[in-house]
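Participant: The structure that follows is given in the form of structure tokens.
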Amino acid sequence: MPLITLKYSERNVSLEMKEKLGYCFKCAVCASFCPVTLFSEEYATRKENAYDSTYIYDLFIADDEKRVDIAWKCSLCHYCIEVCPQDIKPGEICTAIKEWSFHQHKAPENIYKLMKTLIADGIIFPISTMTKHKREKLRLPPIARPVVELEKIAQNTGLKSFLGEYDKLQEISKKLPPIARPVAELGKIAQDTEA
Amino acid sequence: MTNKYALFTGCLIPSRYPHLEALARIILPAVGIQLTEDLAFSCCPDPIQVGGSDRATWLAVAARNLAVAEEQGASIISLCNGCTNTLAVVNNQLHRNEKLREKVNGFLTGTEHSYQGTIEVKHFLQAIWEDIGLDNLKSKVKTPLTVIKAATHGGCHLVSPHEVMHFDNPLDPTKFDKLVQALGAKAIEYDLATKCCGVSLALTGDQKASLRAVRDKLTNIYKNGANCLIVGCPFCYQQFDLVQVRVVKQFNLPFQVPIFYYLQLLGIALGHPVENMNISAHRIRDRDLEAMLSPIESVIVI
């Protein structure tokens, strides 16, 4: 069975986030409990019993973009944490990568929307007219959330100003003109210079 | 230890499954769990996405929720695995780390709340297990659910991380089965019992993986002879009810597995009429099974 061999440049990035990763002796027990490895087509259809075919292997060796993408697949089910004989807590590495990517503006876009909804509404799912109607029929109280206090918390933690900055940068990037280069002319020049 | 609970409904139940909230408000007191008046809670917030994005805000919002109940001298009882997990993990971290507690209380400045670390958080299954107890629960059963052959799905966040959740062994859980057996039902073992319902995979955009999780678990459950699946979390409920409709269609499954939220079965066992358990709100139903659950119907069938 091929064992995980971390390339040192990438290994160091992960080590910065979780020093204990250095104790990993590649037993692959974490991978055998991981729901992403089990159910995601990308991993479930790879060859069995190979540690380099698993979600957690990719999480440790992938470059930044790929690593961020796959870290957000982690449901923090904690099974990798429960079974790791070296107490490395791979799920917590996912969380560290998630948080790093969020603050680097590299997290999935829906996450930023979710954080805004949390602060603005105090509930992360929309309350439809149908929900209100259902609740009235069931004689349930209306949904009221402490939004003033949540805004205060978001101010105190810096989330509010961070999301404001994020929105500003998104606006600017939307206004930038598309990159258009004179490729036809460059091709002609290349032909001419070859000749 | 206080035995007075503030009901923490979370986000998914009040917004999409209010019929489960209505049920909890009736069945929990009926089984002997005393609920306080509603308190001003917000989203817990969720441990996977919010917990992964901004730890400071995640800790602070959860600490505010904990403080709101703590100030009333109440514990928190939750209807959702995700909420239980966030509140229990944050409670644990702030309780044992004074520096972090001070920092997070700093984030609560201007909210009139401050977390002290004297509160307990329980999932409703844990509260029934610990506060009511199996023997006491059995003695309250008026209608034993002998027709039920149940596969239970406790869900990941109910039991892990074990060092904080304390409820059951994450790798070999047995308590949910025992809570079902206490109602007179049979608990069916199946191989994939500890595997994730797959809802988180859908949250992060891997829809296919999420559907495969539901397909594999339901197939395993069906093959082991269960006639229903019991859950204690609204996210798992959503996966196995709403998403099952799609899974059955997409993978052409020749069977369906009806699901119940534990409080529905508990209600029936306590003698409440089946038709009052809001099962009509489910997408996947087995009307024959529902009819057999009602004692009067059973007499007619016989």
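Participant: Contact order normalised by length for chain A, with contacts defined as Cα pairs under 8 Å and 6 or more residues apart; what percent is it?
Facilitator: Values: 150 pairs, mean separation 30.4, N = 195.
Relative contact order, chain A: 16 percent.
Participant: If the reach is capped at under 20 angstrom between alpha carbons, list the aspartates and glutamates near A:Lys132, excluding any in the same chain fewer than eight residues apart.
Facilitator: A:Asp121, B:Glu21, B:Asp38
Participant: Could you work out, residue by residue across B:18-28, how many beta carbons of other chains sit within 10 Å of that residue's beta carbon, and then give the average as an integer? Could you put the intermediate results ahead of the total?
Facilitator: On the way: counts 10, 5, 0, 4, 6, 1, 0, 4, 0, 0, 0.
So the per-residue partner count for this stretch is 3.
Participant: Under 10 Å, Cα contacts only: if you run a Gaussian network model on chain A, which one of A:Ile127, A:Ile119, A:Ile97 comes out with the highest mean-square fluctuation?
Facilitator: The residue that fluctuates most here is A:Ile127.
Participant: Once you charge only the Cβ atoms, +1 for Lys and Arg and -1 for Asp and Glu, what is the size of the charge dipole of segment A:36-195 about its Cα centre, to the nearest 20 debye?
Facilitator: Working: 23 positive and 24 negative charges, 231 e Å.
Dipole of segment A:36-195, to the nearest 20 debye: 1120 debye.
Participant: Sticking with this one: Take the Cα atoms of segment B:173-291, build their convex hull, and give its volume per residue in Å³. Kindly include the intermediate steps, with their values, before the conclusion.
Facilitator: Values: hull volume 12.3 nm³, N = 119.
Each residue corresponds to 103 Å³ of Cα convex hull volume.
Participant: Between rounded, prolate and oblate, where does segment B:1-97 land on the alpha carbon gyration tensor, with a ≥ b ≥ c its root eigenvalues, rounded for a/c under 1.5, else prolate if a/b exceeds b/c? Could you put the intermediate results ahead of the total?
Facilitator: On the way: a/c = 2.27, a/b = 1.35, b/c = 1.68.
Note, shape of segment B:1-97 comes out oblate.
Participant: Within the set A:Lys73/A:Lys175; B:Lys140/B:Lys178; A:Lys66/B:Lys217; B:Lys99/B:Lys122, which residue pairs have Cα atoms separated by over 23 Å? Before the final figure, lay out each step's value.
Facilitator: Numbers: A:Lys73/A:Lys175 31 Å; B:Lys140/B:Lys178 15 Å; A:Lys66/B:Lys217 29 Å; B:Lys99/B:Lys122 25 Å.
Table pairs above 23 Å Cα-Cα are A:Lys73/A:Lys175; A:Lys66/B:Lys217; B:Lys99/B:Lys122.
Participant: Using amide H atoms built 1.01 Å from N in the peptide plane, name the residues 5+ places from B:Lys4, or on other chains, whose amide H lies under 5 Å from its own.
Facilitator: Placed amide hydrogens put B:Ser75 under 5 Å from B:Lys4.
Participant: Related question: Could you check the spin-label model distance between B:Asp191 and A:Lys188? Points 7 Å from the Cα along Cα→Cβ, value in nm.
Facilitator: About 6.6 nm separates the two model spin labels.
Participant: Return the average number of partner chain Cβ atoms within 10 angstrom of each residue Cβ along peptide A:87-100. Before the final figure, lay out each step's value.
Facilitator: Numbers: counts 0, 0, 1, 0, 2, 1, 0, 2, 6, 2, 1, 8, 7, 1.
For peptide A:87-100, the averaged partner shielding equals 2.
Participant: Past 24 Å, Cα to Cα, is the threshold; run A:Lys137/B:Lys175; A:Lys137/B:Lys186; B:Lys138/B:Lys175 against it and keep the listed order.
Facilitator: Values: A:Lys137/B:Lys175 35 Å; A:Lys137/B:Lys186 34 Å; B:Lys138/B:Lys175 14 Å.
Pairs exceeding 24 Å: A:Lys137/B:Lys175; A:Lys137/B:Lys186.
Participant: Next question, about the same structure. Where does chain B land at 222 nm, in deg cm²/dmol rounded to the nearest 500, when only DSSP H runs of n ≥ 4 count, each adding -39500 (n - 2.57), divided by all residues? Kindly include the intermediate steps, with their values, before the conclusion.
Facilitator: Working: 18 runs with 151 residues, N = 302.
Value at 222 nm, helices only, nearest 500: -13500 deg cm²/dmol.
Participant: Can you put A:Tyr79, A:Tyr112 in order of Cβ neighbours within 10 angstrom, beginning with the fewest? Intermediate values should be presented prior to the final figure.
Facilitator: Numbers: A:Tyr79 26, A:Tyr112 18.
Lowest to highest Cβ neighbour count: A:Tyr112, A:Tyr79.
Participant: Give the distance, in whole Å, between the Cα centre of segment B:38-68 and the Cα centre of segment B:170-223.
Facilitator: 27
Participant: Follow-up. Dividing the Cα radius of gyration by the Kirkwood radius, what Rg/Rh value follows for segment B:67-179?
Facilitator: On the way: Rg = 17.0 Å, Rh = 15.9 Å.
In segment B:67-179, Rg relative to Rh is 1.06.
Participant: Right, here's the next one. Given the options B:Arg283, B:Arg64, B:Arg16, state which has the largest fluctuation in a GNM of chain B using a 10 Å cut-off (strictly under) for Cα springs.
Facilitator: B:Arg16
Participant: Helix B:81-96 versus the longest principal axis of chain B: what is the Cα-based angle in degrees, 0 to 90, to the nearest 10?
Facilitator: With both axes taken from Cα atoms, the answer is about 30 degrees.
Participant: Next up: Put a dot 7 Å past each Cα toward the Cβ at A:Lys106 and A:Leu169; how far apart are the dots in nm?
Facilitator: Taking the simple label geometry, A:Leu169 and A:Lys106 are separated by 1.1 nm.
Participant: Please find, in a Gaussian network model of chain B (springs between Cα atoms separated by less than 10 Å), the residue of B:Asn85, B:Asn97, B:Asn278 whose mean-square fluctuation is greatest.
Facilitator: B:Asn97
Participant: Round to the nearest 10 and give me the degree value, 0 to 90, for the angle of helix B:55-70's Cα axis relative to the longest principal axis of chain B.
Facilitator: Around 80 degrees separate the two axes.
Participant: Right, next: How many Cβ atoms of partner chains, on average, are near each residue of A:150-163 if near means within 10 Å of its Cβ?
Facilitator: Values: counts 8, 2, 8, 15, 6, 3, 10, 11, 4, 8, 1, 0, 2, 1.
Across the residues of A:150-163, the mean count of other-chain Cβ atoms within 10 Å is 6.
Participant: Would segment A:60-195 count as rounded, prolate or oblate if I go by the C-alpha gyration tensor, calling it rounded below 1.5 in a/c and otherwise prolate when a/b exceeds b/c, oblate otherwise? Intermediate results must be reported in sequence, preceding the final value.
Facilitator: Numbers: a/c = 2.58, a/b = 1.54, b/c = 1.67.
Because a/c hits 1.5 or more and a/b fails to exceed b/c, segment A:60-195 counts as oblate.
Participant: Chain B: D in µm²/s via Stokes-Einstein (Kirkwood Rh, Cα pairs, 37 °C, 0.692 mPa s)? Before the final figure, lay out the partial values.
Facilitator: Numbers: Rh = 19.8 Å.
Rounded to a whole number, D works out at 165 µm²/s.
Participant: Can you tell me the relative contact order of chain B? Whole percent, Cα pairs under 8 Å, sequence separation 6 or more.
Facilitator: Numbers: 493 pairs, mean separation 52.6, N = 302.
Relative contact order for chain B comes out at 17 percent.
Values quoted throughout were computed directly from the atomic coordinates according to the rules given, and no laboratory measurement underlies them. Treat the numbers as computed from the prediction; the structure is a model and nothing was measured. Cβ atoms come from the backbone with ideal geometry, glycine included; neighbour counts cover every protein chain shown.
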